[in-house]
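The values are calculated or read from the model by the stated rules, or taken from the named source; none is laboratory data. The model shown is predicted, which means the values in this text are computed figures rather than measured ones. A quick note on method: Cβ atoms are made from the backbone with ideal geometry, for glycine too, and the neighbour counts reach across all protein chains shown. For accessibility, only protein heavy atoms count, side chains too; no ligands or nucleic acids. Shrake-Rupley method; radii C 1.70, N 1.55, O 1.52, S 1.80 Å.
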Amino acid sequence: MSRGLVFDLQRYAVHDGPGIRTLVFLKGCPLRCAWCCNPESQKAEPESLRRHGAMETVGREMDAQDVLDEIARDRDFYRNSGGGATFSGGEPFFQPEFLRGLLEGCRSRGIHAAVETCGYASADIILALEPLVDLFFFDLKVLDKEDHLHWTGWDNGLILENFKSLAARCPNKLVPRLTVVPGISDCRQNLSGMAELLRGAGLRDIELLEYHPLGSDKWEALGRESLCRPDAALSGRALTEAARSLSQQGITCCVP
Ligand code: SF4
């Protein structure tokens with residue numbers, strides 16, 4: 001069975017999908033979002049992080065089978081709550097064969113499988129694995145191409161194409177998400193663009209996530225500098241304003 005790099009595994013989560021879930025965080029992401037709250041997830045190899053004065057290694061190679069055994073421990077909880085497993089990251093599609101093994105394993109065990117993606121992956125890979133995914137959380141960021149390049153390291157052409165493809169193919173299992181980062185993703189132009197994108201794709205709902213600065217210390221702990229320090233004091237208000245703006249444009253907002 002395939003092997004891959006995992007940087008965290010959390011049991012008994014009650015977010016990122018229905019019911020009680022096990023969250024599996026795959027390491028490696030093609031983007032470099034300036035506000036990333038899990039910067040230790042970005043590099044596709046184990047790395048060292050200083051925490052509480054001691055160095056620790058983030059990322060361990062695991063067999064898909066071992067991850068699946070871990071997930072299957074809470075099968076009864078999933079059955080009773082309508083839960084399952086959510087593969088997050090990093091970017092899960094960045095390790096396609098590993099992800100395939102995990103998704104196939106969930107499917108054969110009857111475990112609901114969700115994937116949280118930034119959408120920056122080959123369309124062939126996403127569409128090939130789509131039938132094995134029960135729910136996609138698709139993290140949209142900024143719609144202006146140049147701004148996206150500036151804040152994440154890549155423009156968003158591929159991401160938007162993949163979003164539209166999934167919306168056309170499986171709208172009922174696609175959950176668009178937007179982290180409302182004060183001063184970056186909450187501007188009027190970006191929110192109007194989001195509403196237009198969703199309407200154009202035949203979607204009417206979005207999940208809004210509040211920006212929180214939990215990642216700030218981690219950048220330092222990794223010996224890296226983040227490109228920005230959004231004002232976390234403005235997060236709550238930015239979220240409320242974004243929800244109001246999108247609602248006025250016919251989009252139903254959910255804050256999970
Ligand atoms: S896509 Fe997610 S994991 Fe990757 S850099 Fe951006 S916020 Fe971090």
- How many angstrom separate the Cα center of segment 119-180 from the Cα center of segment 1-43? 17
- Message: Among Phe98, Phe136, Phe87, which one shows the highest mean-square fluctuation when the chain is modelled as a Gaussian network with alpha-carbon springs under 10 Å?
- Response: Phe98
- With the contact rule set at Cα under 8 Å and sequence spacing of 6 or more, what percent relative contact order holds for the chain? 19
- Message: Once you place label points 7 Å from the Cα toward the Cβ at Ala128 and Asp205, how far apart are they in nm?
- Response: 3.1
- Query: Nearest 20 debye, what's the magnitude of the dipole of segment 1-148 about its Cα centre given +1 on Lys and Arg Cβ and -1 on Asp and Glu Cβ?
  - Reply: 320
- Which of Leu5, Met55, Leu174 sits closest to the plus end of the dipole of segment 3-254, meaning its Cα is farthest towards the positive end, when Lys and Arg get +1 and Asp and Glu get -1 on the C-beta? Leu174
- Item | Extension gain (nm, one decimal) between Leu227 and Arg107, 0.36 nm per residue minus Cα-Cα | 39.2 nm
- Bridge orientation stat for segment 3-254 from DSSP, antiparallel percent rounded to 5, came to 35
- For the chain, any Cys whose C-beta has no other cysteine C-beta under 4.7 angstrom counts as unpaired, and these are Cys29, Cys37, Cys106, Cys118, Cys170, Cys187, Cys228, Cys253, Cys254
- Note on the structure: Lys pairs in the chain with Cα under 26 Å (8 or more apart in sequence, or on separate chains) total 14
- Roll a 1.4 angstrom probe over the protein heavy atoms and tell me the percent of accessible area of segment 3-254 that is carbon or sulfur. 48
- Please work out the FRET efficiency for the pair Asp144 and Ser81, using the Cβ-Cβ distance as r and a Förster radius of 41 Å; give the result to the nearest 0.05. 0.55
- Note on the structure: Put Arg224, Arg3, Arg79 in order of accessible area, largest first, probe 1.4 Å, and you get Arg79, Arg3, Arg224
- Message: Restricting to DSSP H runs of at least four residues, report the calculated mean residue ellipticity at 222 nm for the chain, -39500 (n - 2.57) per run over all residues, nearest 500 deg cm²/dmol.
- Response: -10500 deg cm²/dmol
- Provide His52, His212, His112, His150 ordered by accessible surface of protein heavy atoms (probe 1.4 Å), highest first. His52, His150, His212, His112
- Message: What's the magnitude of the charge dipole for the chain around its Cα centre, counting Lys and Arg as +1 and Asp and Glu as -1 at the beta-carbon? Answer in Debye, nearest 20.
- Response: 460
- Message: Given points 7 Å out from each Cα along the Cα-Cβ axis, report the Glu70 to Arg11 separation in nanometres with one decimal.
- Response: 1.1
- Signed unit charges on C-beta, dipole axis of the chain, positive-most listed residue Ser81, Gly153, Ile126: Ser81
- Message: Can you classify the chain as rounded, prolate or oblate using the Cα gyration tensor, where a ≥ b ≥ c are the square roots of its eigenvalues, rounded means a/c under 1.5, and otherwise it's prolate if a/b beats b/c and oblate if not?
- Response: oblate
